[in-house]
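In what follows, a single structure is set out as structure tokens and then discussed.
Nothing in this text is a laboratory measurement; each read-out follows from the coordinates by a stated rule. Bear in mind the structure is a predicted one, so any value in this text is a computation, not a measurement. As a convention, Cβ positions derive from the backbone with ideal geometry for all residues, glycine included, and neighbour counts pool all protein chains shown.
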Amino acid sequence: MGRNVLAQVSQQALRHNVKEVRKLAANAKIIAMIKANAYGHGLAKVAKTIHDVDAFGVACIDEALLIRKEGVQTNIVLMEGIFRDEELELVQKYHFTLVVHHWRQIQALQQYPKTTPEKFKIWIKINTGMNRLGFSPNEFDEAYTVLSNLPHVDLIGFMTHFAKADEKNSTLTQQQSDLFNQIVGKRPGQRCLANTAGILAWSQTHGDWVRPGLMLYGASPFADSTGKDFNLIPAMTLSSEIIAVRDVGMGEKVGYGGTWENNKKTSKIGIVAFGYGDGYPWHAKNGTPVLVNGQRVQTVGRVSMDMLAVDLSSLNNVEVGAPVILWGKGLPIEEVARHAGTLPYELFCRFTERVQVEIVS
């Protein structure tokens, strides 16, 4: 009923992409990043589909609790650790793993009762150049010593995050990797460095664990490629339909502000039931690709809250109800992102409640 707006997520594609991660990082375990509603693909649905990975990475305890209460028993890593001291009780109850990146989190662990029946499983985050989260090189030794001496802490290993792994010509990734190895030294514990870009372009950084995110969903982090270039399959196909078709004469304009003007005798314009109120980028430029009846057309005019316009002049017999693909099968999200001056990550995460997300085989 209502607007025919749907994001279909393929289980087959998700599982295929996990297999590609295992091929590329054959000696590493996988923390599958499913934070932010699995990049818009549906948190619990994705977790149940790829439950055979070694762990899931989420941003916060709310995401972790959601999938645990859905029956997912796979190890869950809180990538930003705890936000409140009282979360530690839930961490133990539901057997979550913590990333510790700040002294406040260490203090909470120090104050927690030492007689706890189960040890906290901990990754230490090291800041090697991202300058976002993690202990700096000059404070790492102390943080490591304090955590190592807590009887109710099981120190799994060490983690960092790359700032420019999606820039293949940058030297920063290797510098960060070298600094990480220098800081950690020969201390016992596992190493986790590589995100999606690290997995695809920096094999020397794979370590004991990798953290695929974007590639799980079939997209590339690199500006000059798509997921297909790495044998990845888009997991999501975002679709809608044509709800109106009209002829626009020479010199007439389309949409708010009249940013597109017809320069032909007549252009056939189709109106698609999808806009920024659904999550499509308002700033998408004229010429952003869309598929109508499986054929490429281009957007014209500004994106509205509930609609966007496309030029159907190159197609024959397009009627109201014609199927539209905004990205996915046949149209890489990376192309749409480039036309909109943004990233696939953001497009995946923009959906509003009006978009129905459906898992298909």
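Site pair Thr171 and Ala223 shows an inter-label distance of 2.0 nm when each label is modelled 7 Å from Cα along Cα→Cβ. Kirkwood radius, the range 95-166, all distinct C-alpha pairs, inverse of mean reciprocal distance: 12.8 Å.
Based on DSSP, what percent of beta bridges with both residues in the chain are antiparallel, to the nearest 5?
Taking every DSSP beta bridge within the chain, about 50 percent pair in antiparallel fashion.
Taken along the Cα-to-beta-carbon direction at a fixed 7 Å, the label points for Asp85 and Lys253 span 6.0 nm.
Subtracting the Cα-Cα distance of Asn131 and Asn4 from 0.36 nm times their residue separation leaves 41.4 nm of extension gain. Estimated purely from DSSP H runs of n ≥ 4, each contributing -39500 (n - 2.57), the mean residue ellipticity at 222 nm for the chain is -7500 deg cm²/dmol once divided by its residues.
Bridging of Lys93 to lysines at a Cα separation below 19 Å is possible for Lys69, Lys114, Lys119, Lys121, once same-chain residues fewer than 8 apart are set aside.
Computed from the Cα positions only, the extents of the chain along the three principal axes stand at 78, 44, 37 Å, in decreasing order.
Stokes-Einstein diffusion for the range 11-219 at 20 °C, viscosity 1.002 mPa s, with a Kirkwood radius from C-alpha pairs, works out to 123 µm²/s. Extension gain, Ser148 to His16, is 43.6 nm, computed as 0.36 nm per intervening residue step minus the present C-alpha separation. Can you tell me the orientation of helix 172-184 relative to the chain, as the angle in degrees between its alpha-carbon axis and the longest Cα principal axis, to the nearest 10? Its long axis makes an angle of about 20 degrees.
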